[in-house]
């Protein structure tokens, strides 16, 4: 059985970006650029007034000058700005070549069509020279950068209407388990409602995965294989349940039958020991445990890393470190991942306070549903004491901001 | 002119949750619950086997017992579990009342239809008793809790198909500015492409605002008023540009004409001094500056707070604290918000390293587009030196995870 660290490493190695795609700018936000972006022209493209005021020549400082015209934003002044003259100008408008400064409105005294300029005017004051923010041809964004709203503003400025990005993977979800019924039905004895299907759909939606679909499959080999075949066009397939070693655990066999290669099966971790990763050509398939908390951890730690890798981002979420408000136990050779609530506490040495939310079992989502992270407790029987520093990783989607 | 802190306080006071809404579970993730949620029955609803193995009685420890049947998950065993007998049982299946423990498969030696049990079996071993994870009627989620994927799993378990939440506001975006052309056109002299429209749409999409729409309005009073009227059904209206005091700055007058009450206009901050907040009945309207960086700050600091408040969440993003890698200057009575890149650095006392990305002007999105936060530099002429601790707030959407 491999360690939780080795399993994550194998996921990261298996997760490769899919085919690049040209998308409209409006759909690019949050995705990784697959190409560099350079400025199409100088920015500003002309000497720009940065205040509402008067475009003047320095030699006229302290003098009364004639207002000979007005330059609103978007317009170009065709005439001449001779000595003894000035032009009323708006923020964002083009400064005529002869203008040496823009004097703000509130710094002049105006009488009819003349203004008295202040005695001291600085060269270039309130004028952003052409190219001063960005030179034509400069590489402003690089392949691999995530498109943020500010990057969208940059791309729109450059006239980029569509851009090559690494798309998000498409996803299929298959839940197995003879004890499961859909959430809308009343459970008969021995049955429980399916929690993993809705949870995995919510996670897929939060990560904006493409074409999410959820099918329930009975615990029969041929049904699971047929369901896998229906999802052959998905980049990522998440199965829940049936991944252990019992007589009814059909997922490992179904994956082999389907033609997938098992990358690993079983991880020294709690919850979620029976985790499985398989691949078929470019498709990645996860066998997640049926217990909802174990299924959740499997997504948060491994599937999320795969998705990040498939979208061209750094796959491993770097751990944070916090101070445990309560002890977190461990036992044996498995890494324990304990749901916890991390709160920012700048006064602490680590800056994060970790409230452990102990659970009764791998099915216990009731005592953990206020958690926002997993605390990692190393293998061994020592555990971590209250006050000790522990590594933790955030849940997706973030609930801290 | 009010301070940046006072302006934020006024935004928070004005932002009130809208009408509650019953939504399908699949749409609830990320929203605030408007009602408490209690367990519909005990969880587990029956004594549940937590391992694949054999349901046994303690008195049979160390003995060879007959396997008299099998209980797969989802089924209930009707017969009796007498002494000298055991039942093969799957993870998740119902333990019969007489079963006192589940002995894992790997701990027994099986010969045909008999198994040899280990000498030591603990009472209740590998059985989750009915109600041990959650008692019927227990309040598991409370009004005000954000619906996370784990909460979706809880709600699905309880058979909740739709739930009352605080919905996200609907939004309309109006860009003004005679110098602006759509990003798809080639600018003639004096013109630039509109960056704020696409950026505000990207931010609206990242915050999943409802029914986003963007209209460009000429800098004429009646056009802006008419465009505001077309957006009368939106909870939130964002205008960019035309909010200063120049002759062509029509937004404050247009808002008054439209019937909105100006809550504040102008804030002691850089960038984005001309910021404006208005309201009409339940509608909030922001006049954001036309310079893209100032517009971005206006959204990040004020509009995002309004959206959080309108969705029932804590409106103010609590500041983080980081160590400046470079100095960050300030001048005069305004709070300076400087774009920066925060990187987690557990070795630092504050745990965050802040790389300041100085900008040339409020229009400079080119030197700041790798930023993920704003560093707050207090008013005065001292600024902050490299190595000093500074408060910062994260951009939305987060790019750290």
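The values are calculated or read from the model by the stated rules, or taken from the named source; none is laboratory data. Please read these numbers as outputs of a predicted model, since none were measured by experiment. Don't worry about glycine lacking a Cβ; one is built from the backbone with ideal geometry, like all the others, and counts go over all protein chains shown.
Couple of notes before you dig in:
- Pick from the stretch B:189-207, criterion over 17 Å from residue B:365 (Cα atoms) and in contact (Cβ under 8 Å) with a residue 40 or more places away in the chain, ranking: nearest to the other protein chains (Cβ to nearest Cβ): B:206
- Filter pass, residue A:48 being modelled with pLDDT of 95 or more and under 30 Å from residue A:121 (Cα atoms): yes
- Check on residue B:262, under 22 Å from residue B:11 (Cβ atoms), assigned to a strand (DSSP E or B), more than 8 Å from chain A (Cβ to nearest Cβ) and in contact with a helix residue (DSSP H, G or I) (Cβ under 6 Å, 6 or more places away or on another chain): no
- Members of the stretch B:42-57 found to be more than 14 Å from residue A:191 (Cβ to Cβ) and in contact with a helix residue (DSSP H, G or I) (Cβ under 9 Å, 6 or more places away or on another chain), listed by number: B:51, B:52, B:53, B:54
- Take the conditions (1) outside any strand (DSSP E or B); (2) under 30 Å from residue B:30 (Cβ atoms); residue B:212 misses just one of them, which is (1).
- Candidate set from the stretch B:377-392 (those that are at negative phi and either modelled with pLDDT under 95 or outside any strand (DSSP E or B) (or both)); member that is surrounded by the most Cβ atoms within 10 Å (Cβ to Cβ): B:379
- Yes/no for residue A:268 being part of a loop (DSSP other than H, G, I, E, B) and surrounded by fewer than 24 Cβ atoms within 10 Å (Cβ to Cβ): no
- Only one entry of A:370, A:349 meets the criterion of being at the interface with chain B (Cβ under 9 Å from one of its Cβ atoms) and more than 23 Å from residue B:128 (Cα to Cα), and that entry is A:349.
- Selected residue (only one of B:308, B:282 is surrounded by fewer than 22 Cβ atoms within 10 Å (Cβ to Cβ), out of contact with any strand residue (DSSP E or B) (no Cβ under 9 Å at 6 or more places or on another chain) and within 30 Å of residue B:345 (Cα to Cα)): B:308
- Filtered residues of the stretch B:152-167 (kept if facing another protein chain (nearest Cβ under 7 Å), touching a residue at least 24 places away in the same chain (Cβ under 8 Å) and not in a loop (DSSP other than H, G, I, E, B)): B:152, B:154, B:156, B:157
- Taking (1) in a loop (DSSP other than H, G, I, E, B); (2) within 12 Å of chain B (Cβ to nearest Cβ); (3) in contact with a strand residue (DSSP E or B) (Cβ under 8 Å, 6 or more places away or on another chain); (4) surrounded by fewer than 17 Cβ atoms within 10 Å (Cβ to Cβ) in turn, residue A:343 satisfies each apart from (1).
- Selection over the stretch A:5-32 of residues that are assigned to a helix (DSSP H, G or I) and more than 18 Å from residue A:262 (Cβ to Cβ) gives a count of 4.
- Condition met for residue A:83 (in contact with a helix residue (DSSP H, G or I) (Cβ under 8 Å, 6 or more places away or on another chain) and either surrounded by 14 or more Cβ atoms within 10 Å (Cβ to Cβ) or farther than 20 Å from residue B:293 by Cα (or both)): yes
- Residue check, residue A:216 modelled with pLDDT of 95 or more and surrounded by fewer than 24 Cβ atoms within 10 Å (Cβ to Cβ): yes
- Total residues in the stretch A:191-213, condition at pLDDT below 95 and over 22 Å from the mean Cα position of the chain (by Cα): 0
- Extreme residue, nearest to the other protein chains (Cβ to nearest Cβ), among residues of the stretch A:352-367 that are in contact with a strand residue (DSSP E or B) (Cβ under 6 Å, 6 or more places away or on another chain) and part of a loop (DSSP other than H, G, I, E, B): A:366
- Odd one out for residue A:334 among (1) crowded, with 20+ Cβ neighbours inside 10 Å; (2) in the same structural domain as residue A:245 (by TED's automatic domain parsing): (2)
- Count of the stretch B:168-184 residues which are more than 7 Å from every other protein chain (Cβ to nearest Cβ) and part of a loop (DSSP other than H, G, I, E, B): 3
- So residue B:103, is it over 30 Å from residue A:369 (Cβ atoms) and modelled with pLDDT of 95 or more: yes
- Summed over the stretch B:215-224, the residues that are under 16 Å from residue B:287 (Cβ atoms) and either part of a helix (DSSP H, G or I) or in contact with a helix residue (DSSP H, G or I) (Cβ under 6 Å, 6 or more places away or on another chain) (or both) give a count of 5.
- Meets criteria (within 25 Å of residue B:273 (Cβ to Cβ) and more than 10 Å from every other protein chain (Cβ to nearest Cβ)) for residue A:83: no
- Here is the figure for the stretch A:33-52: residues that are more than 9 Å from every other protein chain (Cβ to nearest Cβ) and assigned to a strand (DSSP E or B) total 4.
- Residue check, residue B:374 at pLDDT below 95 and touching a strand residue (DSSP E or B) at 6+ places or on another chain (Cβ under 8 Å): no
- Consider the stretch B:115-134 and keep the residues that are surrounded by fewer than 15 Cβ atoms within 10 Å (Cβ to Cβ) and farther than 19 Å from residue B:75 by Cα. The one that is nearest to the other protein chains (Cβ to nearest Cβ) is B:122.
- Filter pass, residue B:239 being away from every other protein chain (no Cβ under 14 Å) and touching a helix residue (DSSP H, G or I) at 6+ places or on another chain (Cβ under 6 Å): yes
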